Each structure stands twice: as C-alpha cells, then as structure tokens.
1. Would you confirm whether or not segment C:22-36 contains a residue that is part of a helix (DSSP H, G or I), surrounded by fewer than 13 Cβ atoms within 10 Å (Cβ to Cβ) and in contact with a Leu (Cβ under 9 Å, 6 or more places away or on another chain)?
2. Hey, does segment B:105-112 have a residue that's within 14 Å of chain A (Cβ to nearest Cβ), in a loop (DSSP other than H, G, I, E, B) and either open to solvent by less than 30 Å² (accessible area, probe 1.4 Å) or more than 22 Å from residue B:287 (Cα to Cα) (or both)?
3. Listed residues B:181, B:81; which is in a helix (DSSP H, G or I), touching a strand residue (DSSP E or B) at 6+ places or on another chain (Cβ under 9 Å) and of a type in the set (A, V, I, L, M, F, W, C)?
4. State all residues of segment B:313-343 that are open to solvent by 30 Å² or more (accessible area, probe 1.4 Å), part of a helix (DSSP H, G or I), out of contact with any Gly (no Cβ under 9 Å at 6 or more places or on another chain) and without any contact (Cβ under 8 Å) to a residue 40 or more places away in the chain; if no residue qualifies, say none.
5. Anything in segment C:110-139 that is farther than 17 Å from residue C:163 by Cβ, outside any loop (DSSP other than H, G, I, E, B), touching a residue at least 40 places away in the same chain (Cβ under 8 Å) and not small (Gly, Ala, Ser)? List them, or say none.
6. Provide a single number: the residues in segment B:253-274 that are assigned to a helix (DSSP H, G or I) and either within 11 Å of another protein chain (Cβ to nearest Cβ) or at pLDDT below 95 (or both).
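The values are calculated or read from the model by the stated rules, or taken from the named source; none is laboratory data. It should be emphasised that the depicted structure is a prediction, and the values quoted were computed from it without experimental measurement. Ideal geometry is used to build each Cβ from the backbone, glycine not excepted, and the neighbour counts take in all protein chains shown. Remember, those area values only see protein heavy atoms, side chains included, never the ligands or the DNA or RNA. Shrake-Rupley method; radii C 1.70, N 1.55, O 1.52, S 1.80 Å.
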Amino acid sequence: MSSTIVIPYQAEAHPLTGVTSGKLGIWIFLASEIMLFGALFSSYVLLRVGTGAEYWPSGVEAGLNVPIGTVNTLILITSSVTMVMSWASLKMDKFAAFKFYLGATIGLGSLFLVVKGFEYSAKFSHHIYPAVGWPEATDPSTFFGLYFTLTGLHALHILLGVLVNLWLLVYGAELWKTERVRFEGRIEISGLYWHFVDLVWIFLFPVLYLL
Amino acid sequence: MSEAHAELGFLRKYVFSTDHKVIGIQYGITALVFLFFGFCLMMMMRWQLAYPGEPIPLVGGLLGETMVDRGAMLPNFYNQLGAMHGTIMVFMGIVPLAVGAFGNYVVPLQIGAPDMAFPRLNMASYQAFVVGGVVMLVSFLLPGGAASSGWTSYAPLAVFATSGQTFWLLGMLFLIASSLLGGINFIVTIIHLRADGLTFFRLPFFVWSQLVTAFLLVLAFPALQAAAILQAMDRLAGTSFFLPSGLVVGGSAVAAAGGGSPLLWQHLFWFLAHPEVYVLILPGMGIVAEVIAVNTRKPLWGYKPMVYSLLFLGFLSFGVWAHHMYMTGMGTTMSTFFQITTMIISIPSVIILTCLVISLWGASIRFPVPMLFALAFLPMFGIGGLTGLPLGLAAPDAFLHDSYYVIGHFHYVVAPGTIFAMFAGIYHWWPKATGRHMNETLGRIHFWFSFLFMNGIFMPMMFEGMAGVSRRLFDPTIYTHAEAAHGLTIMTSWSAWGLALAQIPFVINFFWSMRKEERAEENPWQATTLEWATPTPPPHGNFVETPVVYRGPYEYSVPGAERDFSPQFVKQGG
Amino acid sequence: MNEPQYGWWLPPNVSAHGDDIDLMINLIHWFMLALFVGWSIFIVFCLIRFRARPGHAAVYEPIEARFNRWLEVGVAAAEAVVLIAFAMPVWSKIKTEFPATNTNPVIVRVIGEQFKWLFHYPGRDGKFGKTAAEYYADDNPAGLDFDDDDGIDDITVRGLHIPEGRPVIARLVTKDVIHSFKIPVMRITQDVVPGMEIPIWFEAKSTGEFQIGCAQLCGLGHYEMKAKLTIESPQEFQRWLDEEHSALGL
C-alpha cells in the first residue's frame, strides 16, 4: 500500500490555539511535568509538616553548599538565555550564531551536571546518602531522601534536555536546509522544555538550600 | 508535510507501524490477551476461595512448589494472583483497550483526520505499553514471585515485599509513560485535526469522552510516577519516605532511618487512582452513547448536558481521592470535605446515565448484538454507581470498607460496565475495521451468557460484603461470618468459570468472521458519524477526500429527510 | 451465650452505635433500590414500546422530560439529606465524641503485628507501662519496659475481653505494616497505621463470643489474623481481670 498522508499544523499554527501541534503537545507535556514535580514538592511539604520529624534542618544546617547552588542557578538561568538566543538566531537566519548559542546551552547544561556531580560525591565522601536520617533521633527527617530524589530526578531531566539539544545541534544543518519551519519549531519546543527544567530548579534551589 | 510511503515491508506495515489503525488493533489484541491472562489468574483464585485447600484441577499439577502445595494454592501465590489480577486488568487490559485500541482506531476517523497528530509518538506509546506489560508478566518468574501487596501497593508492606514489587514499580513507569504520551497525542489530535465544519459541539460523544479521559491521564498519572519513584527509593536506596521510625518486622528492627509516612503513599496513589477509575469508565460511556444513537435512530437526548457533565466529572475527579482513605484515622473536617465532593461527583454520572436512558424514549430501537451490550451497560453501570453511595459516605463505609461489597461495586462498573461497552464497540466497529460482519447468533449467545454470569459473579459479592467478609483473604472460612456466606462464594466461583466458557462463542466469532467471504458495506449500520465515510477497511490516510462536516453527530429521523439518517459528511439538504 | 446467627445480610449487631449505622445502610439501600427499579422499569418500557417495527419511526424532537430535572434534584437532595442528617452526625459521634472519664471507660491498647493481635490492659493502677520497640520479644510482645513500675501490673493477652454496657476506648498501634482492626458485629473498622496511635471507641450492648479480623492486606498470614472478642457481664469481666492479675503473681 503506498500513499502520502499530510498531517496538518506541523509547521503552521492552528487558528483556534494559535500554535503548531508540536507546541501544543509540549505545553501539555509540561503540564504533566508540573504534576510530577508538584507531587514531589507536595510530598516534601507533607513529610516536613505532617510527620513528627524531630528536627528538620535548613539547607545550610544539612551541609548543602549555598554558594555552589547559587552558581548552578546562575548557570541554568544563563543557559535559558542562550537557548532563547539560539532560537532567535535561527529566526534571523544566522545559522552560525544558532550553533554557537545552542552549543553554549549544551555546555552550560553539562556544566550544571558536573557541578551537581561534585556536590553528590562530596556528600557521599561524608557518608551522606539518601538513606541518612537527620539527625540520629527517634523521629529523623527524610531531608536527604528528598534532596537526592528531587535533585536526582531534576538532573535526569537536564540530561535528557542536553541530549536532545545535542541531537538537534548535530543533525541541525540537515534539517534546517530541508524543513526549515519545522526545525525552528523543534528548537522552540526544546527551548520550552529547557525553560521548564530551569524553572523547576528555581523552585528546588530555595526550597532545599535556603528554607 | 508529507510522509511518503513506498511499498512497506511486513515489519514496517504491521509491527512498527505509525498508522493509528494498525496501532489501535495492536493495542486491542495485546490488551485482550492480557485481559484473558488476568482473568485466568482470577479463575485460579476462585478455586481456592470456593474450595480452600483443595488441589486446583487442571493446572495444580503444573505449578511450581512456591505456588502450590501438592496442587493446592499457597497463600503467597494467592496474594500474587490478587495483586497482579488487579494490576493487569486495570493497566494492561482496560485502559489499553478503551483508550489505546478504541481511542486510537476510532477518534481520528470520527474527526475526519488522516491520522493522529504524532504518529511516531503513537508507536512509541504502544511499545512502552508492551515493555511495561512484559516486565509485569516476567515478574511471576522471579524467585520471590510477582508483586503481592495488592494492586494498591500500600507501604510499608510493599516496601518490604520481594523483588516482584520492584518489577511492578518498573513496569508501572513504562505503562504510565505509555499513557502520558498517548494522552498528549489524543488532546492535540482532537483539538487540532478536526475536519472543517466539525465544531466542538458537533463532535460525537465518544470523542468528547476520549478528550476528557486524555486530560485525566496526563494530569493524574504523574502522581503515581512520583510515588513509584519514591517507593523504589525506599526499596532500593534505603530511604524512608513511607516508613516511620521504630518498625519491627518479624522480630527484628527495620534497618531504615524512619521519619516517613505510610499515608503519603496512599495520598499519592489515590490522587492518580481515583481519576483512573474515570479513565476506566468514560470511553465505555462514549461507546455506549454511539451505539445507542445509531440503534435508536434519533439524536441522543441531552447531548449538551452530557458533555458538560463529562467536563464537570473530569474536573471533580481530582477532588475526591481521599474517600478511599476514610478508615486511616482521618479527622472529621477532611472526611466531611471528601464526602461532600464524593456526593457531588455522583450527580454528573447520574445525569449521563439518565440522558442515555431517556434517549430510548420515542426511539425506533433495533437490537443488533452491539445494542444488546450497550443496553445491558445501563442497568449494570447503574448498580455499580448506586453501590458507590454507601461507600462514599464515611459512616456506612466504616462497615463496608475493604469488604466484598467494594469488590462488587467496582467490578459492576468495570466488568458488566466497561467490558460490555468494549464488546459493544468491537461488534459495532468490526464491519468497518475488517470489512466483515460478525455472526449474530454467536454474538447473542455470547451476550446472554456473559450477562447471566457477570451478575452471577458480582451480585453475591454485595451480600458477602454485607455479611462482613473482608477482601484479599486467602481462606475466608476462617471467620464464622464468612463461613456462613460461603454459599455465595461458591456461586461466584462457578459463575466465573461459566463466564470464561461464555467467551468461547466470541473467540470463535472473532476468527471465523475474519475468514468469511461476504463483505460488509461501507456503512452497514446506516450511521451518521465520520468513520462511516471511509472505505472499508479504511486505507492509510483514511479518507479518499478530506471530509467536510455539515451538521451534528446524531441527525437521525430528521423530519422531511429522505432517509432516517443524515450523515455529518453529506452535503445534501439534510 | 447464644450462637450468633450469621447469614447473607448484616451480621447481628451488638454495638451501641450499630443501630445508627444499620439504619443508614438500610435506608441508603432502599433509596438505591427505588432508583434502580425506577430506571429499570423505564428502560424495559422503552425497549418494548419503542422497538423498531414496520410503520414505527423515531421522533426527532427531544421530549421535555421535566421529570428528569426533578429526578436530578431529587437525587441530589436525598444525598444531601443522608449526608447531613445521618452520615455526618454518626461519623462525628464515632470519631470525635469520645466517652468522658465519668463513664468509666475501659481503656485498652490494641497492637497489631504480622499476623496476630495483642491486647494490652493497664492493670489495677489504671496506667500503661512505658513501651518501646526495642523491648519487643517473644515473651514481651507488648514491648514493656520492665524498669517502669506502671507496667508491672499490665495485662497482655491475645483475646479481647470487654464488659457489656461500658464504653471501651481502644488505642490502635502496629509494629510493622498497615493492618485494620475490624469487628463486624460491633460495626467498627479502623486502619492501624505505622507511626500513628489511633483511638477509637465503642460500646457493647449484649454479651457473646465473636471474632476480630484484619481488614487490610498485611502479608502472607493476613487471612488468619483473627482474634477472639469476648463480651461479658461487668461481673464476669471483673472476674476475668482478677484472674489475669493472679496469673501475673499479683
């Protein structure tokens, strides 16, 4: 059986929603991600407030490094800026600039992961693992369980974003030549995802490190 | 953007297909196989329940020594069967069939689209489903067996359980991913790919039901994903999200820091699992609405109230979850809130059911096999819904919680409810999908015996629950009050085996009708919705010409019209 | 003591608040039956009256069905009445209106574990000895701290004895996983959640021997986690307490 099928609204905006299907799709996906991280944040609240945890440390008391966390926050915010710049470059037909900015986004994302790696290994070398209760008490808190799980899941999301961006960078030239508008759409969609992951960190950082 | 298809090889056409119809059939067959497997698990349990301690006939000799003792079931195996029966039926059976199979096959056709918005994502959803299903089934082969802490996997029991539980968590992650991707696909498809003239209030009710279901999947499943991750951390990384301190299991202190909350698991789980039950029923209601409209030859009564009820139901479904937790030591404020929301949510269900019932008034009712199943759905869902009342109120729930009454309640909704709707859908759309008619006589035999045995299984359970018999008991006769109700158990078990036999005419029909010579016409039921505008079976791309929609979905018996149906896609004066 | 008669509907009720619960259950089921019969009669009528036959066409115009609106409102109103007039007061009574001290309640700790129940009475001094997880042992299932004087006269048994006509306050705890304390004839069910101590109260209004079961899946032995409930006259209950005290050597 041979036939061609045309699925509309892959490159043009739909009159009702004003966006392409891909963009609508990523927004819905992000809604589900909000529910995912929301469930984890709610768990944090319930565990901190609801259990009889004898003592809930602040981030500093738990030994989290606020300066490093701040640096990571700045890294991610910058990477969101470079992500937007890469998309803008594409729209302005500046392919070289696009590659530069996307590369910067990938680099910054990877840098975030490297810094995270150092943070984790510092914890592990002090024998602080997810299972550690704080402090040795009859009702310890689940602070470190939450810390590792929340930041770990977030880091996985960063990794995924980095990989997707890498793929777009590597195969970008090809796609940009053959399906220009769709490629711009893909960068925009990847950008939306990246901004979301950045936003999650902007909530994670104060909740874990500062409160 | 066009996707050119040169002649595709077998693998690309039937195994790794991106065509929504192929994927829909893949989902359908896989789900039916899983449903059958889940049913077999229950049939074994039913033997143990009716004849405790007796060797299981036929299969007792084939099972391993971790499962049976000289042919008689062991408690460990019973608990595994119980947990996996629920898991398989809900996540690997009903949802993939109702949403993955029917949704995928019918929705693009009914909205006049060439395919789903994201065909490759669709294929990925199916593949994730298969992987999740395999992980679940494979867990039976583990040394400790499959998960055995109920489909609800309550902590701390599930945290201490054998490795089968870890497979359950992993399997769930894949199954959830499949549903999330599918949900996104459905929402974008329905919003963006409707044919010209197909405004929202001209959509068939089935499409509305799939739209709301997709939103439920997308917004509710992540909570279980989060919970599964946390439970996996508790099991594998030694965290204590769900473990309070000071636990002593089997005489030795649990090696965990503590500080966690078992109720956190329940909140997260039920935040998904309540919307999940609406996922289980809404597509079925959608199918029943379609079949009733076609076979009453008149518009559905109260289409708009039905649609608004769907939307209201979907929204409210996120606010009732703790009615599963009344017995956990909840205070009066919280229980009052959830009792109120639970009572309110019964209203839209009653509206939808009543509208479908009133649709019969003034009709010209035909009774082909799909209509038999659709009609039976009405009282069966009625019983299921009504028995939710005493459970939704905390005080009577104090007696009925976790009893057979609950099992009877939800099975009435899902078994002679949703599954009957699924059968209605299979018989109804079979001619479009295969180009053949299913045999009417076999269909009627299938229907009547299924109807009889479904009631034979689940009505006794209501009484058993009233008598105080708890669920998930390997041998209920240990309790005097359960022994007195043992006759009910035996009735249920024989009806279950009868129900299995009653499916034989369906299986025969399934294979036999595919091989028939005689072809079905394009629109054998003389229906009005868009799926009947395609050739039979629909080719890749579905429509020969892109359809345009001129009227609503249920314009039957329009005064002054030539025929007793005015299809949506035909321009004629209407 | 008479053998309780169990059948296919509610078991005998020996609980003071059981009548309220039974009333609600029966009332709700009459309501359910009325709705179901009503719907079913309507459906069957339609299936016969409006079946397809030569010369009979369907009617396109929707009927007004004001009855439907009354039905919806009626159902909602009935539910509201049941909720506000029956369910909430009964729930409130069971959950928050605990018997005052001047009603002389029997206080007992109920300890669930895989797969048995333990009942811990405070003894003549009316005070529970300190317990802790670290003291659990086969010969000390309640985990009593024997350095605490209050615990010397504590009674720990595997069967629950309660007097007729006197309220009982039970404090439920569990050692390991979630269980559920269910006594069908008393119309009570209460989940026992690790990390929580959940109080419930009940009062028996007639004597007899009954069964307590576990109503939340707790593992392999969930099905056999039963205990005996003995409801006896106040005199017999006191006699039993005295016997238990002598058994302790007091």
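1. Yes - at least one qualifying residue is present in segment C:22-36.
2. Yes, the conditions are met somewhere in segment B:105-112.
3. B:81
4. Answer for segment B:313-343, where residues must be open to solvent by 30 Å² or more (accessible area, probe 1.4 Å), part of a helix (DSSP H, G or I), out of contact with any Gly (no Cβ under 9 Å at 6 or more places or on another chain) and without any contact (Cβ under 8 Å) to a residue 40 or more places away in the chain: B:315, B:332, B:333, B:334, B:336, B:340.
5. Selection gives C:111, C:113, C:116, C:117, C:118.
6. 10
Here is a yes/no grid of residues against (1) among the aliphatic types (A, V, I, L, M); (2) in contact with a helix residue (DSSP H, G or I) (Cβ under 7 Å, 6 or more places away or on another chain); (3) under 21 Å from residue C:73 (Cα atoms); (4) within 11 Å of chain C (Cβ to nearest Cβ):
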| site | (1), (2), (3), (4) |
| --- | --- |
| B:316 | yes, yes, yes, no |
| B:328 | no, yes, no, yes |
| B:339 | no, yes, yes, yes |
| B:343 | yes, yes, yes, yes |
| B:357 | yes, yes, yes, yes |
| B:365 | yes, yes, no, yes |
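So that you can scan it fast, the table gives a plain yes or no per residue for (1) over 30 Å from residue B:567 (Cβ atoms); (2) within 14 Å of chain C (Cβ to nearest Cβ); (3) open to solvent by 10 Å² or more (accessible area, probe 1.4 Å); (4) touching a residue at least 60 places away in the same chain (Cβ under 8 Å):
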| residue | (1), (2), (3), (4) |
| --- | --- |
| B:145 | yes, yes, no, yes |
| B:151 | yes, yes, yes, yes |
| B:179 | yes, no, yes, yes |
| B:188 | no, no, no, yes |
| B:191 | no, no, yes, no |
| B:198 | no, no, no, yes |
